[in-house]
Each structure stands twice: as structure tokens, then as C-alpha cells.
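All remarks here apply to the structure that follows.
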Amino acid sequence: MTGQITWSELTSQPDAWERLLARLDAGHDLPAVSLDAFDEVVMVGSGTSYYLALAAADWVSRRHGIAARAVPSCEVMLDTHQVAIAPGRKRLVVAFSRSGESSELVLAVEAFQAVGAFVLGISCSAGSSLLQIADLPFLIGEGFEDGLVMLRSFTGMLLALQYLFGSADDRAALRTLPAAGRDLLARQAGPLRDLARRRAFDRFVCLASGANYPLALEAGLKAQEMAIFTSEAYHSLEYRHGPKATADQNTLLTLFALPDARLGLSLARDMKALGVTLLVVGPDAARYADVADMVVPAPAALDDGQASVISLLPLQILAYETAMRCGKNPDAPEKLNKVVILEPATV
């Protein structure tokens, strides 16, 4: 069991964010693209990059009021409705891929280009197929990883998208993240390790609403990939509508602090009554300190979208430490490949 590559890439994220922000502030390689030129935006990716696309679509729709949606790359291939566009409408497609070589993503981009969409390709790999075919390539080399599990690449590409399509106030808020991330790692890595090893947890549940919901999906995927662990993600209050029946003392439940503290605290108390171990993260997490087993606040001055990459950081640590507890090697997860290449069967 190692995990050294994964841990190094996980803990290097604040430094990578700092380098990325400095480069973007200097105007180096910042794409010249305006949302005003388009009627709609489609974000596309596979796996972790699809959850990134969901977070990016939420950011654009909230900040700009433009119609923005996220689609898994595979659905673009399999459902022509995802590609169809009304005559005269202008579409921006933002395609995310760490490697830039995912077969499904490349095919999806080609399908969108075939109907006249303009493609912004975002990848962490120089010279990748995505960056070669995109109408406008955006390389996030600071997110490049040797490890299999996407960590630094997710937060790097998301941060770059938020900067690109963020206001001056957003960019000022994003510049505070590297220092806040280093502080979180210094103060919370040890307690999160202890939390992951407190019990023989066999279920990982993540609840979130609004801008945080894509992060809940991504957090669940990290637990599956690194620890080969049963995980679930739900819109926060939906968990009461059936899924809570499976919660017990071996459930480690993470709640992204809700914008309505009254409803959030009510949910937290209900979950604790089920016997779960409860972690709360996010800018408003401190409000839950009397209910949760552990809280990891993001800077209170940030809104949920601005805090996305730092709010995800404790969940990445938790997945990693769960892998260590379970004797898994997150550097080489079972049954997984770094890049998914399609090899269609003959029929």
C-alpha cells in the first residue's frame, strides 16, 4: 500500500492554485471569449469532468443569467436531442478533460462542432487531442497529475473556469483560496484522518444543495475510486425521502452547510438521531459545531460557488484516509484506467 503520489497531488493543490491565479492575473494564455456572443452554453465532460461541468454550468448561470447546462459526454454520443439546436442560435460548448484523450469527450466535441457550436476546450495535458480540435484551447498545466484519481486537475480546471467567467469581486475572492487551502491542510488534515478511522465505516453519504451539489457527486466518486467504498450523494433534504433508511452507526455522512441554517440544522439533528457520524463543510459550517462530530469551515466571506475548491478539499482528504484505513492503494485503484478509450464491439 502506497498512496504517496495521490497524497502529494492532493496536498499540492493550494500551491497549484496560486501559480494558476498568478498566470491568469498576468493575462498569460487567458482565452478571449465573451458569453455575450452566445445564446446558450453547454458544459461537457466524462466522470469527474462531468461533475466539473455541472459546477461550471451552475457558476455561469448564476453569475450571468445565461442558459447553461451540463451533459455527460456519453449522452451527446447516444442522444441526438443533446446536440440539436434551434436555427440561428449560437452555442458555446465548454469541454473538460484532464487528459484531453477521452474517446467519448472527443466524439462529443466533434458532434457539437458538426452543428456549428464553438468549442472552448479545457485540459491539463499539453498537445492533447481536445486542445488540438477545440476552436479555443485553454491549457491548465498547473492541474496536470501523474496519479490516476482526479484531484488537482478538478480544482484547477474549475478555478480557471470561475476566473474566466467571474466578476472582479469573484476574482478577488478566488485569490484568497491558496492561503486558505494551506491553512485548512495544516489544521484539518490530522483531524480528518482521525475521523476517517473512528469507526469501520461501510457507507459514505454526501448531502448538498445548490452550487454544492456537483461537489457532493464528486466527493462520492472519490470515495468509490480511492477506497473502493460504497458511496451515495443526494440533494440535501431528499435524503429524508427514503434513503435515510440505510443510515446507521457505520455511516459517515457529510453535509455541505445549507444556505437556510434553520433547515440545515434540523437536517443535521435528524441525521445524528440515526446514529451517523456527521461532518459539515462550507462557509457556514461553524454554525453546526454543536450538532456535528466535526466541522470544516471555508472562509465565511466566500459564497458557496467561490468556496467550491476549498470546500471539496476535506472530502478528498476523507476519501484518501478512508482508502488508507481500508488498505487500498489510491495510486492504483482496482479496475480503473486513467483514460477511458472506446473500443466498440462488432455486431
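The values are calculated or read from the model by the stated rules, or taken from the named source; none is laboratory data. Remember, it's a predicted structure, so these values are computed and weren't measured experimentally. With ideal geometry, Cβ positions are generated from the backbone for all residues, glycine too; neighbour counts draw on all protein chains shown. What goes into the accessible areas is simple: the full protein's heavy atoms, side chains included, and nothing from ligands, DNA or RNA. Shrake-Rupley method; radii C 1.70, N 1.55, O 1.52, S 1.80 Å.
Considering only alpha-carbon pairs that sit under 8 angstrom and 6 or more positions apart, the relative contact order computed for the chain is 18 percent.
Take the Cα of Ala37, step 7 Å toward its Cβ, do the same at Ser8, and the gap between the two points is 4.0 nm.
Principal-axis analysis of the Cα atoms of the chain puts helix 261-273 at an angle of about 60° to the longest axis.
Once the 1.4 Å probe is applied to the protein heavy atoms, region 1-122 comes out at 42 Å² accessible per residue. Per atom type, region 197-312 shows carbon and sulfur on 48% of its accessible surface, probed at 1.4 Å. The candidate values were (i) 263; (ii) 144; (iii) 177; the one computed from these coordinates for volume of the Cα convex hull per residue in Å³ carries the label (ii).
Determine the distance separating the Cα centre of region 119-166 from the Cα centre of region 256-314; give it in Å without decimals. Region 119-166 and region 256-314 have Cα centres separated by 29 Å. Any idea what angle helix 13-25 forms with the longest principal axis of the chain, computed on alpha-carbon atoms, 0 to 90 degrees, nearest 10? Taking Cα atoms only, the helix is inclined about 30 degrees. Taking the 1.4 Å solvent-accessible surface of region 55-170 as the whole, the part contributed by carbon and sulfur is 53%.
At full extension, Val339 and Leu107 could sit 82.1 nm farther apart than now, given 0.36 nm per residue minus the alpha carbon distance. Sorting Lys222, Lys244, Lys272, Lys335 on solvent-accessible area from highest to lowest, probe radius 1.4 Å, gives Lys335, Lys244, Lys272, Lys222.
What region 162-231 shows is 36 Å² of accessible area per residue, with the surface traced by a 1.4 Å probe over protein heavy atoms. For the chain, the longest principal axis of the alpha carbon atoms and the long axis of helix 152-164 meet at an angle near 60°. For the chain, the residue among Tyr234, Ser308, Gly127 whose Cα projects farthest onto the positive side of the dipole built from Cβ charges is Tyr234.
With a 1.4 Å probe and every protein chain left in place, tell me how much accessible area Leu221 has, in Å² to the nearest 10. My reading of the accessible area for Leu221 is about 30 Å².
Normalised by the number of residues in region 196-321, the average gap of Cα pairs under 8 Å and 6 or more apart makes the relative contact order 25 percent.
In the context of the full set of protein chains, residues of region 258-336 present 36 Å² of accessible surface per residue (probe radius 1.4 Å, heavy atoms only).
With every protein chain in place and a 1.4 angstrom probe, the accessible-area ranking of Ser73, Ser12, largest first, reads Ser12, Ser73.
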